[in-house]
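Working notes, structure below.
The values are calculated or read from the model by the stated rules, or taken from the named source; none is laboratory data. Every value quoted in this text rests on a predicted model; they were computed, and no experiment measured them. Every residue, glycine as well, gets a Cβ built from its backbone with ideal geometry; the counts of neighbours run over all protein chains shown. Quick note on the areas: whole protein, heavy atoms, side chains included, nothing else; ligands and nucleic acids left out. Shrake-Rupley method; radii C 1.70, N 1.55, O 1.52, S 1.80 Å.
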Amino acid sequence: QVQLVESGGGLVQPGGSLRLSCSASGTIFSINAMGWYRQAPGKQRELVAVMSEAGNTIIADSVKGRFTISTDNAKNTAYLQMNSLKPEDTAVYYCAAGRSRAVVVLRPEYWGQGTQVTVTS
């Protein structure tokens, strides 16, 4: 089993920045990709970004140019750097992981508990 723990959420003004972290533990040898999803109130959960162990990424169009995903394999941690935040970025952000980038995109095997990001003036 793999455990994912997110941190770094909070309240920020429009135009501000936040960095989310996701620390993985457990049978991490089974993970080859990590990513981020978000779910706003009344909306479906959506993919934000995913990165494979080889560094190949997918970024949602809605955040492209503002959000960056990165991983530190030595620390078993994934990050989501969020810049130029907008009120519509308000959501619960979930870390996800799986055996491949395709798995994380289609049906992640592991989920974190989520961290709230609120963008408001």
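Which one is farthest from Thr120 (Cα to Cα) among residues in segment 29-44 that are open to solvent by 50 Å² or more (accessible area, probe 1.4 Å) and not aromatic (Phe, Trp, Tyr)? Out of the qualifying residues, it is Asn32. Assessment of segment 87-101 against the conditions (more than 24 Å from Ser121 (Cα to Cα) and surrounded by fewer than 17 Cβ atoms within 10 Å (Cβ to Cβ)) yields at least one matching residue. Out of all the residues in segment 78-89, is one or more at pLDDT below 95 and part of a loop (DSSP other than H, G, I, E, B)? No.
Could you tell me whether Ser52 is surrounded by 15 or more Cβ atoms within 10 Å (Cβ to Cβ), touching a Lys or Arg at 6+ places or on another chain (Cβ under 7 Å) and small (Gly, Ala, Ser)? Full working, then the answer.
Values: surrounded by 15 or more Cβ atoms within 10 Å (Cβ to Cβ): yes; touching a Lys or Arg at 6+ places or on another chain (Cβ under 7 Å): yes; small (Gly, Ala, Ser): yes.
Yes, satisfied.
Scanning segment 29-50 for residues that are without any contact (Cβ under 8 Å) to a residue 60 or more places away in the chain and closer than 11 Å to Pro108 by Cα yields Leu47, Val50. Restricting segment 103-121 to residues that are open to solvent by 60 Å² or more (accessible area, probe 1.4 Å) and among the hydrophobic types (A, V, I, L, M, F, W, C), which is nearest to Ala40 (Cα to Cα)? Looking at the filtered set, the residue picked out is Trp111.
The lone criterion from (1) over 16 Å from Gln3 (Cβ atoms); (2) in contact (Cβ under 8 Å) with a residue 40 or more places away in the chain left unmet by Ala74 is number (2).
Taking Val12 as the residue in question, decide whether it is surrounded by fewer than 16 Cβ atoms within 10 Å (Cβ to Cβ), β-branched (Val, Ile, Thr) and more than 21 Å from Leu106 (Cβ to Cβ). I'd like the intermediate steps shown before the answer.
On the way: surrounded by fewer than 16 Cβ atoms within 10 Å (Cβ to Cβ): no; β-branched (Val, Ile, Thr): yes; more than 21 Å from Leu106 (Cβ to Cβ): yes.
No.
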